[in-house]
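Here's the structure we're looking at; comments come further down.
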Amino acid sequence: MKYLSFFKTFAALFAMTSSFLFAQENESVMVVEAYSGKILIANNAAAKRPVASLNKIATAAVAVDWATATGTDIGTVTITAPQTVSLVGGPNPTNLQPGDQLTLRDALYSAMLGSDNLAALTIADHIGREILSRRGGSGDPVAAFVGEMNKLGKALGMSQTRFANPHGLERPGNKAFSTAADIARLSVYAMKRNALNFIVRQKERQISLITPAGKRNFRIKNTNELIGEPGILGLKTGTTSAAGPCVSVCMDREPIVRKKADGTKGATPRRIIAVVLNNPNRFDRARGLIQKGWEIYDPWLESGAPIQDRRSEILDLPAPK
């Protein structure tokens, strides 16, 4: 009947309008070009809020930096799930149990693609123990690892961020928070790590566990629905009741090649990071923000990349060693 069709159309329009209003009032957004730091779009970007599993970007960055600093091969070093994984809830795509073993690389795949909280804790426990051992100290290895996450955040200028654990689950009294602007800073840094850049762009990956019953293989699928679209390199999704649906997305375009005054050619690389916090349509929102970001960035670059107020137009992106 015509009136049923009318009501269906009205309901659809109402849902779209409600989603738009929700996004405007409740979300936080930051879109930045990663090489120049040019802020393209920002909305509530400095608002402190939970960020769920976007927290794992810092976990993975610390893990890769540790492996690089110590000369550790993430593909061969084996880590063991501690007893404390039994206390962690949320995604556990491999049914990881205390005592199970896997490589650090496979743990990173499970944590970053499958948002595996237990794998994130296992990474933190192993590297935290190594850090304490090398420093001749003792204590909680996970706390030592989280301390490194917060040191990284400070070095990156993430002044409105505090990490409380390696997985991002909210706990009573943990007082963890970040902002869209700070997650953008972290994402820019993480995507400069070749190992992470490769890991997060995979649509799926087979990993292995060594368990008391023998070797078991699992195929981990990426939770990022934008993976596979042209130029999308991935990064991370996250969802909790407190944080809402979140995503940080990285997209590259071909460098712009220009002739210099001396006759040589120079290439300007192009990369956009889009962070969306607390939006039920995070993937569509991120897709639209990236498109709009390019529409702003390319003309700005073509006009000579003018800057009138650096503090408001450029996101500070420290590059700690």
Of the residues in the range 127-142 that are in a helix (DSSP H, G or I) and out of contact with any helix residue (DSSP H, G or I) (no Cβ under 7 Å at 6 or more places or on another chain), the one that is farthest from PRO93 (Cα to Cα) is ARG134
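Is the range 81-93 home to any residue that is without any contact (Cβ under 8 Å) to a residue 40 or more places away in the chain, among the β-branched types (Val, Ile, Thr) and either on the phi < 0 side of the Ramachandran plot or buried (at least 17 other Cβ atoms within 10 Å of the Cβ) (or both)?
Here is the first cut: in the range 81-93, the ones without any contact (Cβ under 8 Å) to a residue 40 or more places away in the chain are 83, 85-87, 91-92.
Restricting the remaining residues to those that are among the β-branched types (Val, Ile, Thr) gives 85.
Applying the additional criterion that residues be either on the phi < 0 side of the Ramachandran plot or buried (at least 17 other Cβ atoms within 10 Å of the Cβ) (or both) yields 85.
Yes, there is a match, as at least one residue in the range 81-93 is without any contact (Cβ under 8 Å) to a residue 40 or more places away in the chain, among the β-branched types (Val, Ile, Thr) and either on the phi < 0 side of the Ramachandran plot or buried (at least 17 other Cβ atoms within 10 Å of the Cβ) (or both).
Any residue at all in the range 15-35 that's touching a helix residue (DSSP H, G or I) at 6+ places or on another chain (Cβ under 7 Å), assigned to a helix (DSSP H, G or I) and modelled with pLDDT under 50?
Step one: list which residues in the range 15-35 are touching a helix residue (DSSP H, G or I) at 6+ places or on another chain (Cβ under 7 Å), which gives 23, 28-34.
Add one more test, that the residue is assigned to a helix (DSSP H, G or I), and what stays is 23.
Subsequent filtering for residues that are modelled with pLDDT under 50 retains 23.
Looking for residues that are touching a helix residue (DSSP H, G or I) at 6+ places or on another chain (Cβ under 7 Å), assigned to a helix (DSSP H, G or I) and modelled with pLDDT under 50, one finds at least one in the range 15-35, hence yes.
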- request: Report whether or not ALA184 is hydrophobic (A, V, I, L, M, F, W, C) and within 11 Å of the chain's Cα centre (by Cα).
  value: yes
Cβ pairs under 6 Å, 6+ apart or interchain, first in the range 290-318 and within 17 Å of ILE272 (Cβ to Cβ), second surrounded by 13 or more Cβ atoms within 10 Å (Cβ to Cβ) and among the aromatic types (Phe, Trp, Tyr), ordered by first then second residue, are none
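Does LEU102 satisfy the condition of being under 21 Å from GLN202 (Cα atoms), assigned to a strand (DSSP E or B) and either in contact (Cβ under 8 Å) with a residue 40 or more places away in the chain or within 19 Å of the chain's Cα centre (by Cα) (or both)?
Working: under 21 Å from GLN202 (Cα atoms): yes; assigned to a strand (DSSP E or B): yes; either in contact (Cβ under 8 Å) with a residue 40 or more places away in the chain or within 19 Å of the chain's Cα centre (by Cα) (or both): yes.
In short, yes.
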Just one listed residue, out of GLY114, GLY157, is touching a residue at least 40 places away in the same chain (Cβ under 8 Å), buried (at least 16 other Cβ atoms within 10 Å of the Cβ) and either of a type in the set (Asp, Glu) or more than 26 Å from LYS321 (Cβ to Cβ) (or both), and it is GLY114
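A quick yes/no check of all residues on (1) among the acidic types (Asp, Glu); (2) more than 19 Å from ILE57 (Cβ to Cβ):
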| site | (1), (2) |
| --- | --- |
| ARG129 | no, yes |
| PRO141 | no, yes |
| GLU148 | yes, no |
| ALA155 | no, no |
Pairing a residue in the range 166-195 that is surrounded by 24 or more Cβ atoms within 10 Å (Cβ to Cβ) with any residue that is of a type in the set (Ser, Thr, Tyr) and not in a loop (DSSP other than H, G, I, E, B), where Cβ atoms lie under 6 Å and the two sit 6 or more apart in sequence or on different chains, gives PRO166/THR59; GLY168/SER53; ALA180/SER28; ILE183/SER248; SER187/SER248
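Suppose we filter VAL77, VAL29 for residues that are under 15 Å from LEU315 (Cβ atoms) and either touching a residue at least 24 places away in the same chain (Cβ under 8 Å) or not aromatic (Phe, Trp, Tyr) (or both); which single one remains? Spell out how you get there, then give the answer.
Working: VAL77 fails: under 15 Å from LEU315 (Cβ atoms).
Only one candidate passes the filter, namely VAL29.
Filtering the range 112-136 down to residues that are among the polar types (S, T, N, Q) and modelled with pLDDT of 95 or more, which residue is farthest from PRO245 (Cα to Cα)? Break it down stepwise before answering.
Let us first name the residues in the range 112-136 that are among the polar types (S, T, N, Q), namely 115, 117, 122, 133.
Filter again for modelled with pLDDT of 95 or more, leaving 115, 117, 122.
Values: SER115: 13, ASN117: 16, THR122: 24 Å.
For the range 112-136, the residue satisfying everything is THR122.
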The range 199-302: strands (runs of 3 or more DSSP E) wholly inside it with 3 or more residues that are under 20 Å from ALA52 (Cβ atoms) are 232-240, 244-259, 265-277
* To do: Say whether the condition of being touching a helix residue (DSSP H, G or I) at 6+ places or on another chain (Cβ under 7 Å), under 27 Å from GLY89 (Cα atoms) and modelled with pLDDT of 95 or more is met by at least one residue in the range 38-51.
  => yes
Checked against (1) aliphatic (A, V, I, L, M); (2) farther than 24 Å from ASN197 by Cα; (3) in contact (Cβ under 8 Å) with a residue 40 or more places away in the chain; (4) out of contact with any Leu (no Cβ under 7 Å at 6 or more places or on another chain), LEU40 satisfies every condition except (2)
Of (1) farther than 27 Å from GLN291 by Cβ; (2) surrounded by fewer than 15 Cβ atoms within 10 Å (Cβ to Cβ), LEU209 satisfies every one except (2)
Checked against (1) in contact (Cβ under 8 Å) with a residue 60 or more places away in the chain; (2) surrounded by fewer than 21 Cβ atoms within 10 Å (Cβ to Cβ); (3) more than 22 Å from LEU40 (Cβ to Cβ), ALA261 satisfies every condition except (1)
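The values are calculated or read from the model by the stated rules, or taken from the named source; none is laboratory data. Note that the coordinates shown come from a computational prediction; the quantities given were computed from them, not determined experimentally. Positions of Cβ are backbone-derived with ideal geometry, glycine not excepted, and every protein chain shown enters the neighbour counts.
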